[in-house]
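**Q** If you scroll down you'll find the structure; I have some questions about it.
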């Protein structure tokens, strides 16, 4: 089962620390995007935004959470991440546009 960010807005106060999720980070609207999977979305997005570790996200400035799905278990989350990564950029952009047409940073909704 996948839960979009709009569903989470109502339930975010109850989100456990170990909640599997897939997410998409971006540097700007229609810019570079990064797709990932995590067991702790708040912590992982914070690391993308503020960590000084070298890597794709820092190099490309992907600091805005533009899409996420909460998923029941990590096995399903990994499968969903592979599905997204195997899909076209066009499909990922359509997912983002569908729930976040203004490409707002959704991180603030999580904390």
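The values are calculated or read from the model by the stated rules, or taken from the named source; none is laboratory data. Since this is a predicted model, take the numbers as computed values, not measurements. Ideal geometry is used to build each Cβ from the backbone, glycine not excepted, and the neighbour counts take in all protein chains shown.
**Q** Can you spot a residue in region 99-108 that is out of contact with any strand residue (DSSP E or B) (no Cβ under 7 Å at 6 or more places or on another chain) and modelled with pLDDT under 95?
**A** Yes, that holds for at least one residue.
**Q** For residue 30, are the conditions met, namely being touching a strand residue (DSSP E or B) at 6+ places or on another chain (Cβ under 8 Å) and either exposed (fewer than 14 other Cβ atoms within 10 Å of the Cβ) or at pLDDT below 95 (or both)?
**A** no
**Q** Same structure again: Among the residues of region 56-82, what is the count of those that are crowded, with 19+ Cβ neighbours inside 10 Å and at pLDDT 95 or above? Reasoning before the result, please.
**A** The first filter runs over region 56-82 and keeps only residues crowded, with 19+ Cβ neighbours inside 10 Å, leaving 57, 62, 64-71, 77, 81.
Filter again for at pLDDT 95 or above, leaving 64-71, 77, 81.
The total comes to 10.
**Q** If you don't mind, there's one more thing I want to ask. Any chance region 39-53 includes a residue that's touching a helix residue (DSSP H, G or I) at 6+ places or on another chain (Cβ under 7 Å) and within 18 Å of residue 82 (Cα to Cα)?
**A** yes
**Q** Output the helices (runs of 4 or more DSSP H) that fall wholly within region 16-111 and possess 1 or more residues being over 14 Å from the mean Cα position of the chain (by Cα), or say none.
**A** 41-50, 56-60, 74-86, 89-99
**Q** Return yes or no: is residue 21 modelled with pLDDT of 95 or more, touching a strand residue (DSSP E or B) at 6+ places or on another chain (Cβ under 6 Å) and farther than 19 Å from residue 93 by Cβ?
**A** The answer is yes for residue 21.
**Q** Quickly run through region 77-111 and pick out the residues that are under 22 Å from residue 43 (Cα atoms) and without any contact (Cβ under 8 Å) to a residue 60 or more places away in the chain.
**A** 77, 78, 79, 81, 82, 85, 104, 105, 108
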